1. Listed residues Ala259, Ala251; which is among the small types (Gly, Ala, Ser), at pLDDT below 95 and under 30 Å from Arg102 (Cβ atoms)?
2. Would you mention how many residues in segment 86-102 are within 16 Å of Lys328 (Cα to Cα) and open to solvent by 20 Å² or more (accessible area, probe 1.4 Å)?
3. Any chance you could count how many residues in segment 45-77 are out of contact with any His (no Cβ under 9 Å at 6 or more places or on another chain) and either part of a strand (DSSP E or B) or near the ligand (Cβ under 10 Å from one of its atoms) (or both)?
4. Can you tell me how many residues in segment 127-155 are open to solvent by 10 Å² or more (accessible area, probe 1.4 Å) and in a loop (DSSP other than H, G, I, E, B)?
5. Give the residues of segment 344-363 that are in contact (Cβ under 8 Å) with a residue 24 or more places away in the chain, open to solvent by 10 Å² or more (accessible area, probe 1.4 Å) and in a loop (DSSP other than H, G, I, E, B), sorted by residue number.
6. Within segment 185-192, is there a residue that is outside any loop (DSSP other than H, G, I, E, B), farther than 25 Å from Phe80 by Cβ and over 14 Å from the mean Cα position of the chain (by Cα)?
7. For segment 20-43, enumerate the residues that are part of a helix (DSSP H, G or I), over 20 Å from Phe174 (Cα atoms) and among the small types (Gly, Ala, Ser).
8. Checking Ser231 against (1) more than 14 Å from the ligand (Cβ to nearest atom); (2) of a type in the set (Gly, Ala, Ser); (3) assigned to a loop (DSSP other than H, G, I, E, B), only one condition comes out false. Which one?
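The values are calculated or read from the model by the stated rules, or taken from the named source; none is laboratory data. Here the structure is a predicted model, which is why all the values come from computation and not from measurement. Glycine also receives a Cβ, built like all others from the backbone with ideal geometry; neighbour counts cover every protein chain displayed. For the accessible areas, the whole protein counts, side chains as well, though only heavy atoms, and no ligand, DNA or RNA atoms are used. Shrake-Rupley method; radii C 1.70, N 1.55, O 1.52, S 1.80 Å.
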Amino acid sequence: MIPISQPHIGKEEIDAVIKVLRSSHLTQGDVVAKFEKKFAQYCSTQYAIATNNGTSALHTALYAVGIQSGDEVITTPYTFVATANAILMAGGCPVFADIDSRTFNINPDSIEKCMSKKTKAILVVNLFGQPADYGAILKIAKKNKLVVIEDAAQSVGAEFLGKKSGNLADISCFSFYATKNIMCGEGGMITTNNEDYVSRCIKFRNHGQNTIQYHYSNLGYNYRLTDILASIGLVQLKKVDKITEKRRYLAKLYTESLANFTDVHTPYVDKSCTHVYHQYTIVLSSSHMRDAIRNALSRKEINAKIFYPSPLYSFNHLSKGKRLSQYKGIESIIHSTLSLPLYYDLQPVQVNKAIEIVSKTLRS
Ligand SMILES: *Cc1c(COP(=O)(O)O)cnc(C)c1O
């Protein structure tokens, strides 16, 4: 059985956890602080604030930039539901722009069409590991005095014009869920260069407490990461460039073999970006072809998966934020994308096995 993804857990990760367990300091402490420091260094940001998952990182960041009840936040309908749910958690209303069907990321032209007097921020996702068009997005934000938040859950290590994901917007959020490029089981991180945002994040993460314990400046949550999990994150961070390199190598194997088929679009990489292939996602010429390939792989115990089967505006609790009359970009690909197995410990022979089955189905 070849899964779609699999966490990389080496001896170093196991040893790191045991060391924390033996220290008997398990909750947020020195290890979390060290993880934050190293992560900020990696992203070239001044600050990093760890949280217990990516969704809480997004909720915290939205609070930090001042999103309140009734505020509108423009985002993409083609993402994991946590992106839009976090806006609701902060009291805001997600408003869905369309996507660029080549990059799968938010289409800057459609952002302007979604704007209203209530618009406060743009929550951008770097889907599947490729940064969105921050050149155009930041220009729109500046013109309209909007905050830009980067959902970097899938894009650790990716770059836009030589700048690292995590440093592409006013504030950025990462997830270290088990399937992400680097992981600690469950975990999150916020990066920013804005000191005011940092102090708001730190309070929000810990019940709204000031530096004085049992004094509360506002509503807050328990969104703290543990030293146990941060110890895994620290080890993974040391390996991040090696992990990315392997993912790019495996992606290249897929692309070299599949690019010649007219029924397949392999991932498009914009010239301003580097891609870290959180997912290797192809677009087939029809949903029928997509399903045929998925079934053929499944029969050989290879798990290909559909990220994501539906636009977020099609769900009841998010449907209010459907602003455009047409969503040509997302509608043109939503029924025909397929993500193929890709993870650090995946072997080239396993990739070739998947390629062989995909090719055979395309020829038949
Ligand atoms: C994984 C993910 C999240 C949520 O992160 P969790 O750690 O699972 O809470 C948010 N946005 C995107 C785009 C993700 O891929």
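1. Exactly one of Ala259, Ala251 is among the small types (Gly, Ala, Ser), at pLDDT below 95 and under 30 Å from Arg102 (Cβ atoms), namely Ala259.
2. Selection size over segment 86-102: 3.
3. 17
4. Adding up the residues that qualify gives 5.
5. Once the filter is applied, which keeps residues that are in contact (Cβ under 8 Å) with a residue 24 or more places away in the chain, open to solvent by 10 Å² or more (accessible area, probe 1.4 Å) and in a loop (DSSP other than H, G, I, E, B), segment 344-363 yields Tyr344, Asp345.
6. no
7. Correct list: Ser23 only.
8. (3) is the only condition that Ser231 fails.
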